């Protein structure tokens, strides 16, 4: 198979929200500081929608489906400083739709993503609900959707967590993009060993699932390490969730491929709020900023980098292999979680 385009895009619409391909840059000074394999950073913080981030890739397919269904407003639920909600609001505006954000209880300061919601003209509604009672937030979303329908509007409802599974097409094509860029580096003699390790944050697991789907459709050999970022789930449950998402996507895309537990590898231990975990994340963000001039956020990407660094320093990645660190964005969180970056 030349690529997943025909399999994945055959029956799916797509709108243009991203400036693709995003750069794959070598982090030579970071690699030198760690004394390990060559490191490359996939810069999806530069996707081009709002302040960037990986969710724009999935939203190209989600918003196309919404437009095809004549939706004119998007309702989404999530935490008050959610990068995903920011991308949803920006994508809605780009597609000529309104955005209503139902925010879970939390920090109301007008900075970070809370400031961006306002700049994007999203209608913000604060709830008194937290992550332990999402059912109540979804009930409020259903009531709001019904209210909007009574006014002649047609809403798209997006729950907290993974976007609709059609969005995985964007992440499968992300794998194709990375594979093409690494093959180009190999032809230039800048990439030696064919063994590639991709480190990616795995919160809802959608990005990791899409990369695994792309790997299978491309018939490629590489290790995809999903660094768990949601402390509510243990490793077994999370890996099971990623596998279920993979199987759902494979059926939706009629790809003819099957997946089992061996296809999914997750790394636990970097999603908590313990002092040691926070310190590792802050140190990782500082090291990348000092060696490469690239900024990581304290909630997601710095934790993924901490796991990457540990794997390199512990010798779990052979020095002759190559590492791709997936920078999924999250820049606004730097300003709303600045205390987490203190060392």
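The values are calculated or read from the model by the stated rules, or taken from the named source; none is laboratory data. Since this is a predicted model, take the numbers as computed values, not measurements. Methodologically, a virtual Cβ is constructed for each residue, glycine included, from the backbone with ideal geometry; neighbour enumeration extends over all protein chains shown.
Against the test of being under 18 Å from residue 295 (Cβ atoms), out of contact with any helix residue (DSSP H, G or I) (no Cβ under 9 Å at 6 or more places or on another chain) and surrounded by fewer than 24 Cβ atoms within 10 Å (Cβ to Cβ), the options 51, 46 yield a single qualifying residue, 46. For region 219-253, the set of residues classified as touching a helix residue (DSSP H, G or I) at 6+ places or on another chain (Cβ under 8 Å), touching a residue at least 60 places away in the same chain (Cβ under 8 Å), farther than 18 Å from residue 326 by Cβ and not in a helix (DSSP H, G or I) consists of 232, 253, listed by residue number. Condition check: under 25 Å from residue 215 (Cβ atoms), touching a helix residue (DSSP H, G or I) at 6+ places or on another chain (Cβ under 7 Å) and touching a residue at least 60 places away in the same chain (Cβ under 8 Å). Does residue 13 satisfy that? No, not satisfied. Residue 76 meets the stated requirement of being farther than 27 Å from residue 288 by Cβ, touching a helix residue (DSSP H, G or I) at 6+ places or on another chain (Cβ under 6 Å), part of a strand (DSSP E or B) and touching a residue at least 60 places away in the same chain (Cβ under 8 Å).
Which ones in region 299-332 are crowded, with 21+ Cβ neighbours inside 10 Å and either farther than 19 Å from residue 207 by Cα or not assigned by TED's automatic domain parsing to the domain that holds residue 174 (or both)? Listed by number, the residues that qualify are 309, 312, 317, 322, 332.
Each residue in region 207-240 was checked for being surrounded by fewer than 21 Cβ atoms within 10 Å (Cβ to Cβ) and out of contact with any strand residue (DSSP E or B) (no Cβ under 7 Å at 6 or more places or on another chain), and 13 of them qualify.
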